[in-house]
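The values are calculated or read from the model by the stated rules, or taken from the named source; none is laboratory data. Just so it is clear, the structure is predicted and the values come from calculations on it, not from any experiment. Here the Cβ positions follow ideal geometry from the backbone for every residue, glycine too, while neighbour counts run over all protein chains shown.
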Amino acid sequence: MTEELLALLPDYGAPLLGVVTLLSCLALPVPASLFMMAAGGFAAAGDLPLGLTILAALSGAMIGDQIGYALGRSGAGWLQRIENRGGKQAMALSRASALTRKRGNIAVFLSRWLLSPLGPYVNFVAGAARLRWHKFTLASAAGEVTWVAIYVGIGAGAADQFGYLWPVISDMLGLLAALAVALLLALRLHHMLQLHRQLNHTKRR
């Protein structure tokens, strides 16, 4: 499926890239980072205009973030149903909730690029938690600019070696996702320990 979509990229170019980045911000399983790197490679080769490629990726991502925020703001009930249902989505949503409650707009910024597997869920949670829209939008825009610059830049800078480098990059993305999960678990454990100490302190009084 991924290969078939990538084959369409030279023909449909920027509009397709914009749709892919938008869908990725709504938790749909599309390889947005891979698409941006491929688009960067095509742009470096002269097959796609670089400026339009960057604009499409950034616009799609930011529109997706806004849709996710609006969905979370208007549908906290279905988020609760996802958590109650269990599974990978519920785990990601729970971690995103903990991170967003603890870090707020910093969580929004980091989840655009450094903790990107949690990005869509942070959008939903930010809306449900009523994070101020203008602050969410600023953090979202800063993070998406970073995300797009990194991956389009990698593709543009390694156009001739993309096929060789992608397996290495894919492994790095997997490692990054694992580190993100480990970091979130550590933050969760730290939070639970703080609550436990506060409870013991209250009992002693």
Of Leu118, Leu184, Leu173, the only residue that is modelled with pLDDT under 90 and either surrounded by fewer than 18 Cβ atoms within 10 Å (Cβ to Cβ) or not aliphatic (A, V, I, L, M) (or both) is Leu173
Checked against (1) more than 13 Å from the chain's Cα centre (by Cα); (2) modelled with pLDDT of 95 or more, Gly60 satisfies every condition except (1)
Notebook entry, point to check: On the given criteria, is Arg112 in a helix (DSSP H, G or I), crowded, with 21+ Cβ neighbours inside 10 Å and modelled with pLDDT under 80?
Noted result: no
Of Ala32, Ala45, Ala70, the only residue that is touching a helix residue (DSSP H, G or I) at 6+ places or on another chain (Cβ under 7 Å), touching a residue at least 12 places away in the same chain (Cβ under 8 Å) and buried (at least 16 other Cβ atoms within 10 Å of the Cβ) is Ala32
Report task. Would you be able to say whether some residue in region 129-145 is touching a helix residue (DSSP H, G or I) at 6+ places or on another chain (Cβ under 8 Å), modelled with pLDDT under 85, on the phi < 0 side of the Ramachandran plot and of a type in the set (A, V, I, L, M, F, W, C)? Result -> yes
